[in-house]
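Beneath this line is the structure, given in structure tokens, with notes to follow.
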Amino acid sequence: MCIFCFPTSSVIPLHDHPGMTVFSKLLYGSMHVKGYDWVEPAIIQDNKGLNYPRVRLAKLAVDKVLTAPCVTSVLHPKSGGNLHCFTAVTPCAVLDILTPPYRENLGRKCTYYKDHPYSTFGSGAQIDNGKEEEYAWLAEIGTPDELYMHTGLYTGPAIQA
């Protein structure tokens with residue numbers, strides 16, 4: 001369980017929640033959410049050269065501004081925008097409940113991505129005609145250098161399971 005507090009314009013970059021379900025509730029303020037789901041079966045392009053990374057095709061699942069109060073978002077392992085990024089439009093906070101939690105040794109590692117327009121790497125993949133804007137190629141990247149999260153310890157009353 002995490003609460004992320006955002007100053008205006010701050011960002012959590014595009015990342016995934018592999019094999020996880022996430023309940024996400026905007027507590028106050030406004031935030032832009034952009035989320036993708038992988039196209040299945042996987043469509044991967046191995047591009048030649050240093051400037052052309054290996055990419056995988058994803059379909060846009062959500063691209064909107066949420067303003068509290070609003071409904072809770074549910075991201076499923078393969079749907080709902082499980083690969084997503086947040087950008088604060090105003091100061092805001094979001095409560096995330098992840099189940100199961102990240103655990104690298106069980107294959108649930110947070111991976112970051114850069115999204116590229118569909119047209120960037122050609123049109124070899126079969127998609128709905130005229131719907132290129134609904135697709136993007138995602139390239140895995142390292143943890144962004146500018147990403148900083150200040151962690152805090154819960155010091156309130158004990159929570160009973």
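The values are calculated or read from the model by the stated rules, or taken from the named source; none is laboratory data. Keep in mind the model is a prediction, meaning the values are calculated, not measured. When we count neighbours, we look across all protein chains shown, and the Cβ atoms used for this are built from the backbone with ideal geometry, even at glycine. Only protein heavy atoms, including side chains, enter the accessible area calculation; ligands, DNA and RNA are left aside. Shrake-Rupley method; radii C 1.70, N 1.55, O 1.52, S 1.80 Å.
Tell me, which strands (runs of 3 or more DSSP E) lie completely within region 1-77 with 2 or more residues that are touching a Leu at 6+ places or on another chain (Cβ under 9 Å), among the charged types (D, E, K, R) and surrounded by 15 or more Cβ atoms within 10 Å (Cβ to Cβ)?
Strands (runs of 3 or more DSSP E) meeting the threshold: 30-38.
When residues of region 129-161 are filtered for being in a loop (DSSP other than H, G, I, E, B) and closer than 23 Å to Thr87 by Cβ, how many remain?
Of the residues in that region, 11 qualify.
Report, by residue number, each residue of region 135-153 that is of a type in the set (Gly, Ala, Ser) and either open to solvent by 100 Å² or more (accessible area, probe 1.4 Å) or farther than 26 Å from Ala61 by Cα (or both).
If the condition is that a residue be of a type in the set (Gly, Ala, Ser) and either open to solvent by 100 Å² or more (accessible area, probe 1.4 Å) or farther than 26 Å from Ala61 by Cα (or both), then Gly152 is the only one that fits.
When you look at Asp96, is it under 22 Å from Glu133 (Cα atoms) and either out of contact with any His (no Cβ under 7 Å at 6 or more places or on another chain) or hydroxyl-bearing (Ser, Thr, Tyr) (or both), yes or no?
Answer is no for this residue.
Looking at (1) touching a helix residue (DSSP H, G or I) at 6+ places or on another chain (Cβ under 7 Å); (2) over 27 Å from Ser10 (Cβ atoms); (3) in contact (Cβ under 8 Å) with a residue 60 or more places away in the chain; (4) not aromatic (Phe, Trp, Tyr), can you tell me which one Glu132 breaks?
Glu132 satisfies every listed condition except (3).
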